[in-house]
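Asker: If you scroll down you'll find the structure; I have some questions about it.
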Amino acid sequence: MPTKIMNDKKNFSLLGHNTFGFNVSCKRFVEYSSTEEAQQLVASLDDTDKPLLIIGGGSNLLLKEDYPATVIHSAIRGIEVLDKAEGLVRCGSGEVWDDIVDWSIRHNLYGAENLSIIPGEVGASAVQNIGAYGAEVKDLIYDVECVEIETGKLCHFSNEDCQYSYRQSRFKRDWRDKYFITHVTYKFFTTFKPELDYGNIRAALAEQGIDAPTAEDVRATVINIRNSKLPDPKVQGNAGSFFINPIVDQRTFDRLSTEFPNLRYFEVDENGEKHYKIPAGWMIEQCGWKGKKVGCVGVHDKQALVLVNLGGAEGKDIIALMHAIQKDVKHKFGLELHPEVNIRP
C-alpha cells in the first residue's frame, strides 16, 4: 500500500497560492514535505496529472484560468549549516526566501542583503535566478538537490550545471517540469562587503547619516526602498516585476541613446562583452502607462514595472494589459518586452 502524501486534495482553490489574487482552482493539489515524499509522489503520478504545474509561493505566477491538471508545491522546511567556515547552508525548498536572508545576516553570513523581501521560496530562487539592486542569487547557489520526475532518482546539480544567466536557468528551459527541487545549498560570504552602487541604496543610506553600513543597515534600507515602491499583494494583487529588463548590444544601445538622450541604462557583462540593460519600467513610464487603469487592472503608480489587480480581475485582463504595453514599447523603442512571470496554462 503506498505511503500517504502529506497533502493531496482534489478541486483545490489556488487563491492562496497566487499573489495576483485570482480565485482559480486546480484539478489536484499535492504538497510534499520531504525528499522521500517527493519520490513517493513521482511514483503516484499518471497521465491524468499532466501537464504538471510546479509552483513556489505563487509570487511569479499568472494563472489565466482554472488549471486542468495537477499542481505541485514543496513544503520542505529546514535550515542546516553544512560548513560555517565556508558559508555553506542547506535550505528546504519550501522555506520563504526572505526568512533565509534574515537568518543569514543574523548568523554573520552575507551576500543576500540586496535580495531582501523578494517574495517567493527557496526552490523558486534556484529556478528564477532572482535578483535585485545589483545582486543575483546565482552568486550564492552552490548545489541544487532534485527528484527527477521521470525516474524518482535523487540528483545534485552544481551552479555550473544550472547554467544561470539573467533571470534564467536550465530549470526554466530544457529542465522545465522535469524535477522537483527539494533543497538548495547556498555558499554565503563570511565577510561583509556591501554592494551599494545599484539603484539608490547609497543615497538612502546617506540620508540616514550612515557612511559605513552594516549588513543589517543595507537590508533595512532595501526593505524601505522596496516597500515605498511596490504594492503589498495582500492589499493589491500583483506579481512584482512583471517584465524582464531587456539587455541590448552596443549597436542597439547607440541607436537608443541617440533617439532618447535621457535613456536609462546599466552596463552589464554578457559572455565577456559589454551590453546594456534598459529598465523596462522606465520605458513603460515613457509610454504613458505609469498609474494608468484599464477596467479592473492597471499599472502601479509608483513602479511602472508592476501590473496590478484593482479588484475582481481575471488572468485574461492582465494578459490584455500586457499585450497593450508590449505593443507601445515596441512602437516607441523598437524593443520586445518579455514577461518575467510564469503564465499558465
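The values are calculated or read from the model by the stated rules, or taken from the named source; none is laboratory data. What you are looking at is a predicted structure, and each value in this text was computed from that prediction instead of being measured. With ideal geometry, Cβ positions are generated from the backbone for all residues, glycine too; neighbour counts draw on all protein chains shown.
Asker: I'm trying to understand the selection: among the residues of region 89-140, which are under 23 Å from residue 180 (Cα atoms), free of Cβ contacts under 8 Å to residues at least 60 places away in the same chain and among the basic types (Lys, Arg)?
Answerer: 138 - this is the single residue of region 89-140 that is under 23 Å from residue 180 (Cα atoms), free of Cβ contacts under 8 Å to residues at least 60 places away in the same chain and among the basic types (Lys, Arg).
Asker: Next question. Are there any pairs with C-beta distances below 6 angstrom linking a residue in region 206-233 that is touching a residue at least 12 places away in the same chain (Cβ under 8 Å) to a residue that is of a type in the set (Ser, Thr, Tyr), with the two at least 6 apart or on different chains, and if so which?
Answerer: From residues that are touching a residue at least 12 places away in the same chain (Cβ under 8 Å), the pairs are 215/110; 219/116; 222/116; 223/116; 233/19.
Asker: Of the residues 167, 173, which is free of Cβ contacts under 8 Å to residues at least 40 places away in the same chain and either assigned by TED's automatic domain parsing to the domain that holds residue 297 or not aromatic (Phe, Trp, Tyr) (or both)?
Answerer: From the options 167, 173, the qualifying one is 173.
Asker: Within region 245-287, can you find the residues that are among the polar types (S, T, N, Q), surrounded by 12 or more Cβ atoms within 10 Å (Cβ to Cβ) and touching a helix residue (DSSP H, G or I) at 6+ places or on another chain (Cβ under 9 Å)?
Answerer: Of all residues in region 245-287, those among the polar types (S, T, N, Q) come to 245, 250, 252, 257-258, 262, 271, 286.
Still in the list and also surrounded by 12 or more Cβ atoms within 10 Å (Cβ to Cβ): 245, 252, 257, 286.
Hits for region 245-287 are 245, 286.
Asker: Which of the following residues is under 27 Å from residue 234 (Cα atoms) and touching a helix residue (DSSP H, G or I) at 6+ places or on another chain (Cβ under 6 Å): 11, 23, 18, 7? Even if it seems obvious, please write down each step before you answer.
Answerer: On the way: 11 fails: touching a helix residue (DSSP H, G or I) at 6+ places or on another chain (Cβ under 6 Å); 18 fails: touching a helix residue (DSSP H, G or I) at 6+ places or on another chain (Cβ under 6 Å); 7 fails: touching a helix residue (DSSP H, G or I) at 6+ places or on another chain (Cβ under 6 Å).
Criteria check complete, one pass: 23.
Asker: Residues in region 217-228: is at least one of a type in the set (Val, Ile, Thr), farther than 21 Å from residue 59 by Cα and not assigned by TED's automatic domain parsing to the domain that holds residue 110? I'd like the intermediate steps shown before the answer.
Answerer: Pass one, region 217-228, residues of a type in the set (Val, Ile, Thr): 218, 221-223, 225.
Okay, now just the ones that are also farther than 21 Å from residue 59 by Cα, so 218, 221.
Adding the requirement that they be not assigned by TED's automatic domain parsing to the domain that holds residue 110 leaves 218, 221.
Looking through region 217-228, at least one residue is of a type in the set (Val, Ile, Thr), farther than 21 Å from residue 59 by Cα and not assigned by TED's automatic domain parsing to the domain that holds residue 110.
Quick grid of which residues meet (1) at pLDDT below 95; (2) touching a Pro at 6+ places or on another chain (Cβ under 9 Å); (3) within 27 Å of residue 151 (Cα to Cα):
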{"site": "1", "(1), (2), (3)": "yes, no, yes"}
{"site": "13", "(1), (2), (3)": "no, no, no"}
{"site": "22", "(1), (2), (3)": "no, no, no"}
{"site": "37", "(1), (2), (3)": "no, no, yes"}
{"site": "41", "(1), (2), (3)": "no, no, yes"}
{"site": "53", "(1), (2), (3)": "no, yes, yes"}
{"site": "71", "(1), (2), (3)": "no, no, yes"}
{"site": "75", "(1), (2), (3)": "no, no, yes"}
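Asker: A follow-up question, please. Output yes when any residue across region 192-214 is at pLDDT 95 or above, closer than 27 Å to residue 264 by Cβ and of a type in the set (S, T, N, Q), and no when none is.
Answerer: Yes: one or more hits.
Asker: Can you name every residue in region 113-128 that is in a loop (DSSP other than H, G, I, E, B) and farther than 18 Å from residue 58 by Cβ? If you could, list the steps in order and put the result at the bottom.
Answerer: In the first step, residues of region 113-128 are kept if they are in a loop (DSSP other than H, G, I, E, B); the result is 116-120.
Correct list: 116 only.
Asker: Could you list, in sequence order, all residues of region 6-63 that are within 27 Å of residue 308 (Cα to Cα) and exposed (fewer than 15 other Cβ atoms within 10 Å of the Cβ)? Give the steps one after another, and end with the answer.
Answerer: Looking only at region 6-63, we keep the residues that are within 27 Å of residue 308 (Cα to Cα), and these are 11-27, 29, 52-63.
Within region 6-63, 11, 13, 15, 16, 23 meet the criteria.
Asker: Now, a different point. Please go through (1) surrounded by fewer than 17 Cβ atoms within 10 Å (Cβ to Cβ); (2) among the charged types (D, E, K, R); (3) farther than 21 Å from residue 166 by Cβ for residue 290 and return the number of the only condition it doesn't satisfy.
Answerer: All conditions are met except number (1).
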